[in-house]
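Some notes on the structure that comes next.
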Amino acid sequence: MRSEQEVCRAVETYADMVRRICFYYLKNREDTEDVFQKVFMKYMMYDAPFRDSEHEKAWLLRVAINACKDDLRNFFRRNTLPLETITELEAEIPEDFRDVLEAVLSLPEKYKNPIYLHYYEGYSAAEIGAILGKKENTVYSLLSRGRRLLKDCLKDCPSAAKYYQEKTGGEGIGE
């Protein structure tokens, strides 16, 4: 592990370069700061000596680039939206349909994902099976049970019932 003086010197010398490279990749100040900290934590934990300052600089660049790429590949980052986007999307969803979406999102995880992927994203059962790592017939079972749960959730909401019928191809709630 490197000494505090070595880490402070490296931060003073290379901080701007590391921030620029991180911001170039991530295009977001908060993520840039997170990766910046990871890079210098790795530097602090790295024990091997550097040949010279150019070797040290190249090592920090490579670590920064790899950390940014790792962050971009992160499951959470790929599967979430910024709050601003969600607010914009929410404004586009008519009030009648929000009830159905809220009901879908309130389902247990094992039913919510197949229902959402099938009806909102348009994936087939085979594609959902590949995404979730389940057999196609299992997906059909999950869709069927999920629809039953949705029917129970939406019985008291006539506008949601109409939307649900459109989404499921005519199956009415409570039938």
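Flag: Arg98 does not match the condition of being at pLDDT below 90, assigned to a helix (DSSP H, G or I) and more than 30 Å from Leu154 (Cα to Cα).
Rundown of residues vs (1) open to solvent by less than 70 Å² (accessible area, probe 1.4 Å); (2) without any contact (Cβ under 8 Å) to a residue 40 or more places away in the chain; (3) within 30 Å of Phe76 (Cβ to Cβ); (4) within 25 Å of the chain's Cα centre (by Cα), yes/no style:
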site: Arg9; (1), (2), (3), (4): no, yes, no, no
site: Glu12; (1), (2), (3), (4): no, yes, no, no
site: Lys38; (1), (2), (3), (4): no, yes, yes, yes
site: Met41; (1), (2), (3), (4): no, yes, yes, yes
site: Met44; (1), (2), (3), (4): yes, no, yes, no
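With respect to the conditions (1) outside any helix (DSSP H, G or I); (2) at pLDDT 95 or above, Ala48 lacks only one, and its number is (2).
The listed residues are Ile131, Ile115, Ile86, and the only one of them that is in a helix (DSSP H, G or I) and modelled with pLDDT of 85 or more turns out to be Ile115.
The values are calculated or read from the model by the stated rules, or taken from the named source; none is laboratory data. For clarity, every value in this text was computed on a predicted model and none was experimentally measured. Note that we place each Cβ from the backbone using ideal geometry, even for glycine, and neighbour counts take in every protein chain shown. Ligands, DNA and RNA are excluded from the accessible area calculation, which covers all protein heavy atoms including side chains. Shrake-Rupley method; radii C 1.70, N 1.55, O 1.52, S 1.80 Å.
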